[in-house]
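K.L.:
The structure follows.
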Amino acid sequence: MELNVFMKCVNQGLKVRLYPDEDMLTKINQNIGNARFTWNKLLENYQNTYKIFKLNGYSKLKCNMATFNTMLNMLKKEHDFLYLSESSSLQQVFRDLINAFNKFFNGEGGYPRFKSKKHDKHACRIQNNHNIKINDNTIVLPKLGEVYYRTSKKYREKLKNAKINNVTIKIENGKYYAVFNIETETPDFPKTHKFVGIDLGMKTLATLDNGLKIANLDVTYEESMIKKYQKRLSNKEYQSNHYKDTQKTYWKWVDRKKNKINDYYHKITTEIVKKYDIIILEDLNIKGMFQNPHSSRKLQRIGWKKFVEMLKYKARIYGKTFRQVSRWYPSSKNCSNCGYYNKDLKLEQTQWKCPQCQKTHDRDINAGKNILKQGLIDLIDETMNLWDRGDSTVILLSWKSTSP
Ligand SMILES: [Zn+2]
């Protein structure tokens, strides 16, 4: 029997499909359009003010809530239709804009861009001020009203009992969704006292340091269908009835591929988080550094990113430790057995023998082992403040990764 199951409050995203009627559709589209309009106008205002600042010799214009709030109030006076929006959804716009600017100033992101109807995400976020209500079949949203939704029984109950912080209404491939940010009490997964290093790859999705290889999911059929309907779309007159019909089928296959991959990733990541207390991966920014920007690699990177995000948030929710090896580390070229650095190892070599200790390595498994070792060194540094690398390495050598 598991004693003392640790419960804690965690933030979680929960996505449900919405089924808006004509009236609701208009309102949602208006709200999303207003959010985009506000973003673009505020960005424009900021840029104009900045120009004046610069002319007068100031190098920086601070973005703060008060400034943007005033700008928003001025915008509302100028454009009546902004009053049709739920007011917190417009305040959210300048919070997002301030975040984007802060990221830019800290060197973590690019300069905020103007949003276009065609290329950007169609979404708006509404804060819950005790005015979002979840019924069995409908959700009541402030200002927008009541809308039908569908989800599993499990998620419906979770949603009804959770504390809702905010909800994002979004359109994806012609379908409407609500993504709730909720706080729930979640029990930790039982501790297993095992840890794992994971190497992400092109041919194999993930290789565990114990030798387990997780294959990439085969979605070639879905991809061929997506390609087929994409081609058909390009031959149709834009926004004609034929175009819209074909677009529906095209979106269906896009969704199918996405859902198939999502399900697969969810299963694997839950399994890994259940099985291991400490999960260590490579930093993806470093991983891609020396690779060509080939398009299939780019797609694989998007897949890796999703996979890593899932592991990360599940580890957080279920009380496990997740780390990414942060410093530059040649995980494939080092012998995980004796530490020998094989500088001649080629990218296409899947197996190699260490000239120093004679051990034969599978490239990916060896990488997984090195990632685990490096991650544990990082963790020890963090948790025990052992700055003397010699000491921490000695401790690590007596730790052995366990088999599945
Ligand atoms: Zn060796």
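K.L.:
With of a type in the set (G, A, S), touching a strand residue (DSSP E or B) at 6+ places or on another chain (Cβ under 9 Å) and surrounded by 12 or more Cβ atoms within 10 Å (Cβ to Cβ) as the only criterion, which of G109, G145, G201, G174 stands out? First the steps, then the outcome.
P.N.:
Numbers: G109 fails: touching a strand residue (DSSP E or B) at 6+ places or on another chain (Cβ under 9 Å); G145 fails: touching a strand residue (DSSP E or B) at 6+ places or on another chain (Cβ under 9 Å); G174 fails: touching a strand residue (DSSP E or B) at 6+ places or on another chain (Cβ under 9 Å).
None of the others qualify; the one that does is G201.
K.L.:
Report yes if L61 is part of a loop (DSSP other than H, G, I, E, B), surrounded by 11 or more Cβ atoms within 10 Å (Cβ to Cβ) and touching a Phe, Trp or Tyr at 6+ places or on another chain (Cβ under 7 Å), otherwise no.
P.N.:
Values: part of a loop (DSSP other than H, G, I, E, B): yes; surrounded by 11 or more Cβ atoms within 10 Å (Cβ to Cβ): yes; touching a Phe, Trp or Tyr at 6+ places or on another chain (Cβ under 7 Å): yes.
Taking the combined requirement at face value, the residue satisfies it.
K.L.:
Only one residue in I278, I226 is buried (at least 16 other Cβ atoms within 10 Å of the Cβ) and within 22 Å of H122 (Cβ to Cβ). Which one? Give the steps one after another, and end with the answer.
P.N.:
Details: I278 fails: within 22 Å of H122 (Cβ to Cβ).
Only one candidate qualifies: I226.
K.L.:
Assess whether K143 counts as being outside any strand (DSSP E or B) and on the phi > 0 side of the Ramachandran plot. Walk me through how you get there before you give the answer.
P.N.:
On the way: outside any strand (DSSP E or B): yes; on the phi > 0 side of the Ramachandran plot: yes.
Against the criterion (outside any strand (DSSP E or B) and on the phi > 0 side of the Ramachandran plot), K143 qualifies.
K.L.:
Now for a separate question. Give the residues of segment 110-138 that are within 19 Å of E172 (Cα to Cα) and not charged (D, E, K, R), sorted by residue number.
P.N.:
S116, H119, H122, A123, C124, I126
Here's the yes/no breakdown for (1) crowded, with 17+ Cβ neighbours inside 10 Å; (2) in contact (Cβ under 8 Å) with a residue 12 or more places away in the chain; (3) among the acidic types (D, E); (4) over 20 Å from K305 (Cβ atoms):
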{"position": "I182", "(1), (2), (3), (4)": "yes, yes, no, yes"}
{"position": "E185", "(1), (2), (3), (4)": "no, yes, yes, yes"}
{"position": "K191", "(1), (2), (3), (4)": "no, yes, no, yes"}
{"position": "G197", "(1), (2), (3), (4)": "yes, yes, no, no"}
{"position": "L205", "(1), (2), (3), (4)": "yes, yes, no, no"}
{"position": "I214", "(1), (2), (3), (4)": "yes, yes, no, no"}
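K.L.:
Before we move on, is T207 assigned to a strand (DSSP E or B) and in the same structural domain as K248 (by TED's automatic domain parsing)? Talk me through it step by step, then tell me what you get.
P.N.:
Working: assigned to a strand (DSSP E or B): yes; in the same structural domain as K248 (by TED's automatic domain parsing): yes.
When the stated conditions are applied, T207 passes them.
K.L.:
Pairs only if they're at least six apart or on different chains, beta carbon under 6 angstrom, first in segment 331-356 and closer than 20 Å to I198 by Cα, second near the ligand (Cβ under 7 Å from one of its atoms) and outside any strand (DSSP E or B); list them, first residue then second.
P.N.:
C335/C354; N337/C357; N337/K359; C338/Q356; C338/C357
K.L.:
Then there is this: Among the residues of segment 357-386, count how many are touching a residue at least 40 places away in the same chain (Cβ under 8 Å) and under 18 Å from K213 (Cα atoms). Break it down stepwise before answering.
P.N.:
Filtering segment 357-386 for residues touching a residue at least 40 places away in the same chain (Cβ under 8 Å) gives 362, 364-365, 367-376, 378-379.
From what's left, under 18 Å from K213 (Cα atoms): 362, 364-365, 367-372.
Residues in segment 357-386 being touching a residue at least 40 places away in the same chain (Cβ under 8 Å) and under 18 Å from K213 (Cα atoms): 9 in total.
K.L.:
Of everything in segment 334-373 that's more than 10 Å from the ligand (Cβ to nearest atom) and in a loop (DSSP other than H, G, I, E, B), which residue is farthest from L281 (Cα to Cα)?
P.N.:
The selected residue is D344.
K.L.:
What residue, of K154, K143, K163, is of a type in the set (D, E, K, R), at pLDDT below 95 and closer than 23 Å to F81 by Cα? Explain how you work it out, then say what you get.
P.N.:
Details: K154 fails: closer than 23 Å to F81 by Cα; K163 fails: closer than 23 Å to F81 by Cα.
Going through K154, K143, K163 in turn, the sole match is K143.
K.L.:
For segment 18-38, does any single residue satisfy the condition of being part of a strand (DSSP E or B) and surrounded by fewer than 19 Cβ atoms within 10 Å (Cβ to Cβ)? Even if it seems obvious, please write down each step before you answer.
P.N.:
Of the residues in segment 18-38, the ones part of a strand (DSSP E or B) are 18-19.
When the remaining residues are screened for being surrounded by fewer than 19 Cβ atoms within 10 Å (Cβ to Cβ), the result is 19.
Taking every residue of segment 18-38 in turn, at least one turns out to be part of a strand (DSSP E or B) and surrounded by fewer than 19 Cβ atoms within 10 Å (Cβ to Cβ).
K.L.:
Quick one: N40 ticks every box in (1) at pLDDT below 95; (2) in contact with a Lys or Arg (Cβ under 8 Å, 6 or more places away or on another chain); (3) of a type outside the set (A, V, I, L, M, F, W, C) bar one, so which box is it?
P.N.:
Exception for N40: condition (1).
K.L.:
Ok, one more. Out of segment 175-213, which residues are over 22 Å from the mean Cα position of the chain (by Cα) and of a type in the set (S, T, Y)?
P.N.:
Matches in segment 175-213: T192 only.
The values are calculated or read from the model by the stated rules, or taken from the named source; none is laboratory data. From a predicted model like this one, the values you see are computed outputs, not experimental measurements. Using ideal geometry, Cβ is built from the backbone for each residue, glycine included, and neighbour counts are taken over all protein chains shown.
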